[in-house]
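Below is one structure, written out as structure tokens, with a few remarks after it.
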Amino acid sequence: MATTAACRAPRRRRRRARPPLVTLAGLLTLCYLVLPNLVVLLFSFNKPDGRFNYTWRRFSADAWTDPCSVADLCDSLVLSLRIAAWATLGATVLGTAAAFALARHRFRGRPGVNALVFLPMAMPEVVMAASLLTLFLNLGVRLGFWTVLLAHITFCLSFVVTAVKARILSMDPGLEEAARDLYAGPVRTFLRVTLPIAAPGIAAGALLAFALSFDDFVITNFTAGSAVTFPMYVWGSVQRGTPVQVNVIGTAMFAVAVAAVAAGQLVGRHRRARADRRAGTRKSWHEVAS
């Protein structure tokens, strides 16, 4: 017994020593990921002497007071937000329907469709962009807002299908069977049981589609024509001097993203705490009844 206890003690010490190392590695990785955003935040308060905002000169909040003072900057931002919003809506609706079809139904050609879903994710963006440009030109479609929107829906669709399908496959089919046993129709079962359970996967796919659409440059550059989105504006401004307002908008978007993630974490924690309280209440009632 003493020998066994002596052998277990070093293992316990090793297990206790691992979490600080894992925490340190996680913090270093987080700092590495956040460092570029901190640089963007810092230089959003810079007052450069010339056109190029690459060297710190002096502190100034002028860019924050009027972020739209640079010509066409806010117009490109609004265009990117419009395209991302509509692409997210289209990709989420079509991707959710396709995910349910692939996860719940058997049909001829299903393995091939599953393979095609992953093709845009594995294909280089420049290849997909050239293919879409060739398609639009052969069809005689004028390049602009609608071609960019269709292109974004095309490549965002795969990510939505993957996220929603993973959530559907993890669902317990017994919950839907229980709803049908309680005389709920197919529509009511879908709205009251299936859709709420699949909602986290749908939300994840929608957020991923929005981020990918807003951030895309390669496919947009091929299919935009005369339209200029925010990534295209930033790329063009690098050659003639990036204005400080670009850093302001980037910092604001980063803050919105962090706030959205934090809000999601708080909501999830609140729901888990409420579910734990309900489970504890049921357990206490069972103990009293017994």
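Explain nothing, just the number: dipole magnitude of the chain about its Cα centre with +1 on each Lys and Arg Cβ and -1 on each Asp and Glu Cβ, in debye rounded to the nearest 20. So the magnitude is around 1840 debye. Our note on the geometry: Cα centres of segment 235-260 and segment 115-168, 26 Å apart. The C-alpha atoms of the chain define a longest principal axis, and helix 145-169 lies at about 10 degrees to it.
The peptide list 135-148, 111-124, 78-91, put in order of mean Cβ contacts within 10 Å with the highest first, becomes 78-91, 135-148, 111-124.
In this calculation the C-beta distance from Ala252 to Arg180 is compared with R0 = 41 Å, giving a FRET efficiency of 0.30. Phi angles across segment 256-265 convert, under the Karplus curve 6.51 cos²θ - 1.76 cosθ + 1.60 with θ = phi - 60°, into 3J(HN,Hα) values of 5, 5, 5, 5, 5, 5, 5, 5, x, 5 Hz, Gly and Pro given as x.
The length gained by stretching the chain between Ala97 and Asp72 to full extension, at 0.36 nm per residue less their Cα-Cα distance, is 5.2 nm. Rounded, prolate or oblate: which fits segment 161-290 when a ≥ b ≥ c are the square roots of the eigenvalues of the alpha-carbon gyration tensor, with rounded for a/c under 1.5 and prolate only if a/b beats b/c? Note, shape of segment 161-290 comes out oblate. Remark: segment 147-210 carries a charge dipole of roughly 140 debye about the Cα centre, counting +1 on each Lys and Arg Cβ and -1 on each Asp and Glu Cβ. Rounded to the nearest 500, what is the chain's calculated 222 nm mean residue ellipticity when only DSSP H runs of at least 4 contribute -39500 (n - 2.57) each, over all residues? So the calculated ellipticity at 222 nm is -27000 deg cm²/dmol. Here the simple spin-label model places points 7 Å from the Cα toward Cβ, and for Lys47 and Ala262 these points are separated by 3.0 nm.
Helix 2-43: angle to the longest alpha-carbon principal axis of the chain, degrees 0 to 90, nearest 10? Here the helix axis deviates by roughly 30 degrees. Relative to the longest principal axis of the Cα atoms of the chain, the long axis of helix 125-139 lies at roughly 70 degrees. Rounded to whole numbers, the Karplus 3J(HN,Hα) couplings from phi for segment 62-75 are 5, 5, 6, 6, 9, x, 9, 6, 7, 5, 6, 5, 5, 5 Hz, using 6.51 cos²θ - 1.76 cosθ + 1.60 with θ = phi - 60°, and x at Gly and Pro. Charges at C-beta only: +1 for Lys and Arg, -1 for Asp and Glu. How large is the resulting dipole of segment 42-116 about its Cα centre, in Debye rounded to 20? Result for segment 42-116 is approximately 640 debye, rounded to the nearest 20.
Accessible surface of Cys156, taken over heavy atoms with a 1.4 Å probe and every protein chain present, rounds to 0 Å².
Work from the charge dipole of the chain (Cβ charges, +1 for Lys and Arg, -1 for Asp and Glu, about the Cα centre) and give the residue of Gly250, Thr147, Met171 farthest towards its positive end. Of the candidates, Met171 comes out farthest on the positive side. Charged neighbours of Pro48, selected by a Cβ distance under 12 Å, balance to +2 (K, R count +1; D, E count -1). The amide H of Asn46, built 1.01 Å from its N in the peptide plane, has Ser60 as neighbours under 5 Å, considering only residues 5 or more places off or on other chains.
When Kirkwood radius over Cα pairs in Å is computed from the coordinates, the matching label among (i) 23.6; (ii) 22.1; (iii) 19.9 is (i). Report note on the peptides 189-197, 160-168: ranked by the mean count of other C-beta atoms within 10 Å, highest first, their order is 160-168, 189-197.
The values are calculated or read from the model by the stated rules, or taken from the named source; none is laboratory data. Computed from a prediction, not measured in an experiment: that's the story for all the values here. Counting neighbours? That spans all protein chains shown, and the Cβs are built from the backbone with ideal geometry, glycine included. All accessible areas refer to the heavy atoms of the entire protein, side chains included, with ligands and DNA or RNA removed. Shrake-Rupley method; radii C 1.70, N 1.55, O 1.52, S 1.80 Å.
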